[in-house]
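Inspection log for the structure reproduced underneath, given as structure tokens.
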Ligand SMILES: Cc1ncc(COP(=O)(O)O)c(C=O)c1O
């Protein structure tokens, strides 16, 4: 057996035991594909700031922060204080609440194209809702999105079709405006909306060219489709999201993750005229949800957004640069090929000479799997696919610690691979 895997099994016995039990209770022992990895995921007991601890008592530096949602790290004191107060005042009722107004106002003030907002309980739900709006407004039934784009775990977005068109999806190549124009030319009559991420997140932090996003928007409008920008992940990159940074005005914007301050959330924002279909006094579609706009999520989201200032975004970006440079040095030292995609506070690692051209094809499957487990063994928590997202509470000292831990993990990987896959010369 691989020494890295053996070490993982040895140090995570309590997680293994809990996972075994979980497999009897939930399919594959989990409710979330993204928090599973082989042979079994760690069970985390508690978190504080940039750290968390597993069931066996090991400490980890968290470099993924629940896939970008925990932008202020774990148990962020201002969020703990605000939510504790709200919980003691009650957690939900079938009537209005004040925090919902405050979070909506913050979002409308920050994000240029959002005049009104509608809350949901996940980014996936926000996507489905945005698609529903587009279908009702246009009377059409399909959407166009980027191949390997991710807009949530829903059939509507081709989830499970792995890069092939789903029953409701047409696909085109990201950063290729001509391909979007072609598909819209062929299927424009069917397409209710074009959905795009400003940066492909799940597919490896691939930046959208501003010209591409502008051209895709224009092409959507030319055939009478809506343009939906998915800022579920990218709102952390600038105070007004990527749309503010690159000056693009979507019809609808999907939000999630950081606007819930660590609690389940999603939202669709956009032009007031489009969102009027939900207005109870002139309703075109019935939409409700027991926990939509619940006060606990709303106060947490309010603190999360208010405290995500331009200065803190800039600091995270700088620390990401330091981390990236340190990881590059460590890989060089151990003779491992490493290439990195990055944007703002996020990056994605590939143990190959160049980043893959298509996110479907990764040459470094074995290396990234070993590196991920080796990182776990050295107390560095990253996504199995090599994604990293920093938080505002991480310090320069933490970054130096992260590089040391990654260095040890790379040492283990290089030793285990012998000369195979290790850079020549
Ligand atoms: C760009 C993007 N859209 C939508 C979603 C779905 O959000 P959720 O996981 O809250 O359903 C995600 C989640 O990772 C995302 O990154």
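Each value in this text was obtained by applying a stated rule to the coordinates, not by laboratory testing. Note that the structure is predicted; figures quoted are calculated from it, not measured.
Output the antiparallel fraction of DSSP beta bridges having both residues in the stretch 77-306, as a percent to the nearest 5. The antiparallel fraction comes to roughly 45 percent. With angles folded into 0 to 90 degrees, how steeply does helix 123-138 sit against the dominant principal axis of the chain? Use alpha carbons for both and round to 10. Roughly 30 degrees between the two axes. Would you mind calculating the relative contact order of the stretch 77-306 from Cα pairs under 8 angstrom and at least 6 residues apart, reporting the percent as a whole number? Normalised by residue count, the contact order of the stretch 77-306 is 30 percent. Rounded to the nearest Å, what's the spacing between the alpha carbon centres of the stretch 377-393 and the stretch 89-121? Just the number, please. What the calculation gives is 30 Å, centre to centre. Let me know the shape class of the stretch 106-240, please: from the alpha-carbon gyration tensor, a ≥ b ≥ c as square roots of the eigenvalues, rounded when a/c is under 1.5, otherwise prolate if a/b is greater than b/c, or oblate. In terms of gyration-tensor shape, rounded.
With n ≥ 4 as the cut-off for DSSP H runs, can you work out [θ] at 222 nm for the chain, using -39500 (n - 2.57) per run divided by the number of residues, rounded to the nearest 500? List each step's numbers first, then the result.
On the way: 13 runs with 168 residues, N = 425.
Dividing the helical sum by the residues of the chain leaves -12500 deg cm²/dmol.
The alpha carbon centroids of the stretch 26-54 and the stretch 305-361 are separated by 23 Å.
Please report the relative contact order for the stretch 1-143, taking Cα pairs under 8 Å with a sequence separation of at least 6, and give it as a percent rounded to a whole number.
Details: 95 pairs, mean separation 16.6, N = 143.
Reported relative contact order: 12 percent.
Taking 0.692 mPa s as the viscosity and 37 °C as the temperature, the Stokes-Einstein diffusion coefficient of the chain based on its alpha-carbon Kirkwood radius rounds to 146 µm²/s.
Which values of log₁₀ I(q)/I(0), to two decimal places, follow from the Debye formula for the stretch 211-257 at q = 0.20 Å⁻¹ with a uniform point scatterer at every Cα? Log10 I(q)/I(0), no solvent term: -0.63. Between 48, 95, 192, the GNM of the chain built on Cα springs shorter than 10 angstrom shows 95 fluctuating the most. GNM, the chain, Cα, under 10 Å: largest mean-square fluctuation among 101, 66, 348? For the chain, modelled as a Gaussian network with Cα springs under 10 Å, the answer is 101.
Semi-axes of the equivalent ellipsoid for the stretch 270-425, please: Cα gyration tensor eigenvalues, times 5, square-rooted, ordered largest first, whole Å. All intermediate terms of the calculation are to be shown ahead of the outcome.
Details: eigenvalues 334, 77, 41 Å².
Equivalent ellipsoid of the stretch 270-425: 41, 20, 14 Å, largest first.
Considering only 235, 18, 129, the Gaussian network model of the chain with Cα springs below 10 Å gives its largest mean-square fluctuation to 18.
How would the stretch 77-306 be classified by its alpha-carbon gyration tensor: rounded, prolate or oblate, with rounded meaning a/c under 1.5 and the a/b versus b/c comparison settling the rest?
prolate
Over the stretch 236-325, what number does the Rg to Rh ratio reach, with both radii from the alpha-carbon atoms and Rh per Kirkwood?
Numbers: Rg = 16.3 Å, Rh = 15.3 Å.
Here the Rg-to-Rh quotient is 1.06.
Remark on the stretch 13-110: Rg and Dmax equal 17.5, 49 Å (Cα only).
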